[in-house]
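Trainee: Let me begin by handing over the structure; questions about it come next.
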Amino acid sequence: MAALAADIKRWGEELGFANIGIAPATPGIHAERLQQWLSKQYHGEMGYMQERENLRREPDQLQTGTVRIISARMDYLPSDEPAQGNPLELINNKPDHAYISRYALGRDYHKLIRKRLSQLAQKIEERIGGQHRAFVDSAPVLERGFAEQAGLGWIGKNSMLINQRAGSWFFLGEIYTSAPLPLDPPQESGHCGSCSACIKDCPTGAIVAPYQVDARRCISYLTIELKDSIPEELRPKMGNRVFGCDDCQLVCPWNKFTEHSPEPDFQPRHNLDNSELITLFMWSEAEFEQRTAGSPIRRIGYQRWLRNLAVGLGNAPYSERIVTALETQRAVADDNAREHIDWALTQQRSRI
Ligand code: B12
Ligand code: SF4
């Protein structure tokens, strides 16, 4: 089993993973923390977090016979992307430009990571038989908890898994396996020390206590998960962040040590890292469908894209071009998007 574990790590590297670690199939304290988080209703409209809670707590229920979780991480920051600095420039000094979170600039990671993990699972099966199943993100898996137990990093005050060498700009994925592989030691936790930059700089105050994110206030949730109206009191705080949010990673000192991704799939597409809000807002539905094919942005659909961009435009300095764009797109917006457009028009006109 020790030789197999070494091979799995080598195969993982060959498949583009930055690190692989092995955890027990018992989430322990992480399951209790999930329970606390749910009882405070921090999951908001993400009903799937509550409904499949037992599967998160008991890996064996998700995949019978699981005794170990092979946890893997893959860096995603594009190779020419600075880890800190420039993205903050876009947020702080270019309010008429859109900020799209770094993970969503290129192709959707789910397929790529699941495919690579399935290839790894296949190699394990060829070697020893048994059952080995790959998961990434959308499955009921406590990914950060297992990654911490597998020694891939520690859960920081912003609740991100942070790696001492690579910061937090990476995705996680797992293989649930019936192979009793030797366990990796967890990384020593608590490297955040007295730093609380993420808590202080979160635009909406979503990190309500160290390690606890109230998703209902998190811009990532508001722009990607929430289907209905974005609470009005939070809209001005969102600035130009129109799909996801990275502030709590951009200010994290550990991200000075970020490793960049060599994956061509994670390179920005369609100038999404440097576009005016108006340009994206004026896309027709057909353009949205075509330009977001294979991107994580596709998931929110055209109307929520308009909704989010309308909030950004409402927060931008007054411009006649913006008012005209809002009035034009009002005609194709559904009720929800239109309500946000009307809010944005009121904001714009209040600045004349
Ligand atoms: C639901 C979800 C969200 C929600 C809720 C986020 C949250 N913090 O819970 C929303 C939509 C807001 C979100 C946002 C983002 N997400 Co998200 N999300 C998930 C998902 C599907 C489940 C997370 C979960 O279980 N939450 C429940 C809470 C309880 O668990 P947790 O966040 O891991 O928190 C742990 C600690 O905070 C700690 N804890 C909690 N309470 C307490 C109390 C004390 C006292 C202590 C000590 C500890 C502690 O214990 C928890 C369990 O270990 C995972 C994928 C997965 N299947 O796991 C991706 C995932 C966590 N997201 C990811 C990413 C990239 C993001 C964003 C960066 C995307 C973006 N740029 O917009 C943001 C980051 C926001 C943030 N600071 O968390 C990555 C994170 C990779 C990493 N390096 O950590 C994951 C792993 C997806 C993936 N496969 O790569 N996400
Ligand atoms: S992603 Fe943005 S809104 Fe969410 S916790 Fe981090 S800084 Fe706050």
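Trainee: For the range 276-352, what is the charge dipole size about the Cα centre, in debye to the nearest 20, if Lys and Arg each add +1 at the Cβ and Asp and Glu each add -1 at the Cβ? Spell out each step's value before the answer.
Mentor: On the way: 10 positive and 10 negative charges, 43 e Å.
Dipole of the range 276-352, to the nearest 20 debye: 200 debye.
Trainee: Now, a different point. Regarding the range 276-352, what's the average projected area of the Cα-atom convex hull, expressed in nm²?
Mentor: Details: hull surface 18.3 nm².
For the range 276-352, averaging the hull's shadow over all directions gives 4.6 nm².
Trainee: On the full set of protein chains, 1.4 Å probe, figure out the accessible area of LYS40 and give it in Å² to the nearest 10.
Mentor: 90
Trainee: Of all accessible surface on the range 276-352 at a 1.4 Å probe, what whole percent is carbon and sulfur? Intermediate values should be presented prior to the final figure.
Mentor: Working: 1640 of 3320 Å².
Here it works out to 49 percent.
Trainee: Additional query: If you plug each phi of the range 135-144 into the Karplus form 6.51 cos²θ - 1.76 cosθ + 1.60 with θ = phi - 60°, what whole-Hz ³J(HN,Hα) values come out, in order, with x for Gly and Pro?
Mentor: Karplus values, whole Hz, x for Gly and Pro: 9, 8, 6, 7, 7, x, 10, 7, 4, 5.
Trainee: Turning to a different aspect of this structure: In percent, how large is the relative contact order of the chain, given Cα pairs closer than 8 Å and 6 or more residues apart?
Mentor: Working: 641 pairs, mean separation 79.5, N = 352.
Reported as a whole number, the value is 23 percent.
Trainee: In whole Hz and in residue order, list the ³J(HN,Hα) couplings for the range 119-134 that follow from phi through the Karplus curve 6.51 cos²θ - 1.76 cosθ + 1.60, θ = phi - 60°; x for Gly and Pro.
Mentor: For the range 119-134, the Karplus curve yields 5, 5, 4, 4, 5, 5, 5, 4, 6, 10, x, x, 10, 8, 10, 8 Hz.
Trainee: Moving to a separate point now. Can you list residues from other chains, or at least 5 along the same chain, whose modelled amide H is less than 5 Å from the amide H of SER261?
Mentor: Counting only residues 5 or more places away or on other chains, the set is LEU77, SER79.
Trainee: Counting only C-alpha contacts under 8 Å and six or more residues apart, can you give the relative contact order of the range 276-352 as a whole percent? All intermediate terms of the calculation are to be shown ahead of the outcome.
Mentor: Working: 68 pairs, mean separation 28.6, N = 77.
Relative CO of the range 276-352 lands at 37 percent.
Trainee: Scattering from the C-alpha atoms of the chain alone, worked out with Debye: what is log10 I(q)/I(0) at q = 0.07, 0.12, 0.16 1/Å?
Mentor: -0.31, -0.89, -1.44
Trainee: When the accessible area of the range 1-49 is computed with all protein chains present and a 1.4 Å probe, what percentage of it is carbon and sulfur? Don't jump to the answer; show the numbers that get you there.
Mentor: On the way: 1260 of 2320 Å².
After summing per-atom areas, the C and S share lands at 54 percent.
Trainee: While we're on this one: What's the center-to-center distance, using Cα atoms, between the range 19-72 and the range 295-352 in Å?
Mentor: That distance is 37 Å.
Trainee: Excluding ligands and nucleic acids, what accessible area in Å² is computed for MET1 using a 1.4 Å probe, to the nearest 10?
Mentor: 100
Trainee: Once the whole set of protein chains is in place, how much accessible area is left on PHE170, using a 1.4 Å probe, in Å² to the nearest 10?
Mentor: 20
Trainee: What Cys residues in the chain are without a partner cysteine, judged by a Cβ distance under 4.7 Å?
Mentor: Flagged as lacking a Cys partner: CYS192, CYS195, CYS202, CYS218, CYS245, CYS252.
Trainee: What number comes out for accessible area per residue over the chain if the probe is 1.4 Å? Units Å², please.
Mentor: Computed with neighbouring chains in place, this is 43 Å² per residue.
Trainee: Restricting the calculation to Cα positions, tell me the Rg (one decimal) and the Dmax (whole number) of the range 1-80 in Å.
Mentor: Rg, Dmax (Cα atoms, Å): 16.2, 45.
Trainee: Can you work out the Karplus-derived ³J(HN,Hα) for every residue in the range 283-300? Use 6.51 cos²θ - 1.76 cosθ + 1.60 with θ = phi - 60°, whole Hz, and x for glycine or proline.
Mentor: The phi angles translate into 4, 7, 4, 5, 5, 4, 4, 6, 7, 9, 4, x, 9, x, 5, 3, 4, 7 Hz.
The values are calculated or read from the model by the stated rules, or taken from the named source; none is laboratory data. Here the structure is a predicted model, which means the values were calculated and not measured. We place every Cβ from the backbone using ideal geometry, glycine too, and count neighbours over all the protein chains shown. Surface areas here come from the heavy atoms of the whole protein model, side chains and all, with no ligands, DNA or RNA. Shrake-Rupley method; radii C 1.70, N 1.55, O 1.52, S 1.80 Å.
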